[in-house]
């Protein structure tokens, strides 16, 4: 039979993949077997869930930092590309206006002839 310490380690390692209900179920089982009191069981559940929540928050912060770092690396390239595209659009707009004027001039010349 596993010791309470070994079960605690196993619960801790598998906690991230367990729901609160599963943790409570496991701890209730230990309580029913007399390996811990109900009060101890509730305390263990609360401690494990708090640790899981804390780990989850730490992971979210770590991910946010990595995303910010990646954005900082790519932002200059993206901004340069946007500037290039804006210039191309402006050049195309000028060309369209020029062609439109030429077309109108040709139509006017044809109407006069």
- Note on the structure: Of the conditions (1) at pLDDT 75 or above; (2) within 20 Å of residue 53 (Cβ to Cβ), the single one that residue 29 does not satisfy is (2)
- Determine whether residue 55 is touching a helix residue (DSSP H, G or I) at 6+ places or on another chain (Cβ under 8 Å), in a helix (DSSP H, G or I) and either loosely packed, with under 13 Cβ neighbours inside 10 Å or modelled with pLDDT of 80 or more (or both). yes
- Quick one: which residue in 72, 80 is in a helix (DSSP H, G or I), loosely packed, with under 10 Cβ neighbours inside 10 Å and on the phi < 0 side of the Ramachandran plot? 72
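The values are calculated or read from the model by the stated rules, or taken from the named source; none is laboratory data. Here the structure is a predicted model, which is why all the values come from computation and not from measurement. Methodologically, a virtual Cβ is constructed for each residue, glycine included, from the backbone with ideal geometry; neighbour enumeration extends over all protein chains shown.
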